[in-house]
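Report on the structure given below.
The values are calculated or read from the model by the stated rules, or taken from the named source; none is laboratory data. Worth saying up front: this structure is predicted, and the values here are computed from it rather than measured. Positions of Cβ are backbone-derived with ideal geometry, glycine not excepted, and every protein chain shown enters the neighbour counts.
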Amino acid sequence: MLGVDLQKDPTVLEQAYNDAAGITAAFNLNALAHLNHRFAGNFALPQFRHRAIYNRGDRQIEMHLDSQTAQTATLFLGDRPYVFSFTAGESIRTEVSRKFAVDALGQELQQHGLAVQHTFTDDRPWFALILARRC
């Protein structure tokens, strides 16, 4: 059983990943907060802004944290500091979320020795569960 996010209108995707409530932005910024906590870092979270864009060519959402100013941040692994420098507007790509077409995915599964037995989708269809078994 394979669960996938299907291709859909890019406007729908960008609105979902740039939600007005800021939930995805908080999730994305939490990556820097985690690095600060785990590696005694000093990323200045207020100096980064969340941005998600749909890359049509690769059929994927890409989440970014854009540096709002020129800045540096340091992480420590043991005694060794690692310094990261950012220019204003420079981006850290933090996530890639691929979007799939059922037919193309079925062909790819076939190439890897799996045959699609059944595909379940929601009414829109925005999501799918694909039941496959070895050929």
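Listed by position, the strands (runs of 3 or more DSSP E) enclosed by the stretch 1-82 that each have at least 2 residues that are modelled with pLDDT of 95 or more and touching an Asp or Glu at 6+ places or on another chain (Cβ under 9 Å) are 48-55, 60-67. Taking the criterion of being assigned to a strand (DSSP E or B) and charged (D, E, K, R), the residues of the stretch 83-124 that qualify are Arg93, Glu95, Arg98. For the residues Leu109, Leu75, Leu105, the requirement of being closer than 20 Å to His37 by Cα and out of contact with any Cys (no Cβ under 7 Å at 6 or more places or on another chain) singles out Leu75.
Quick one: is Arg51 under 26 Å from Thr87 (Cα atoms) and in contact with a His (Cβ under 7 Å, 6 or more places away or on another chain)? Answer is yes for this residue. Of everything in the stretch 1-30 that's touching a residue at least 60 places away in the same chain (Cβ under 8 Å) and surrounded by 15 or more Cβ atoms within 10 Å (Cβ to Cβ), which residue is farthest from Asp103 (Cα to Cα)? Out of the qualifying residues, it is Asn28.
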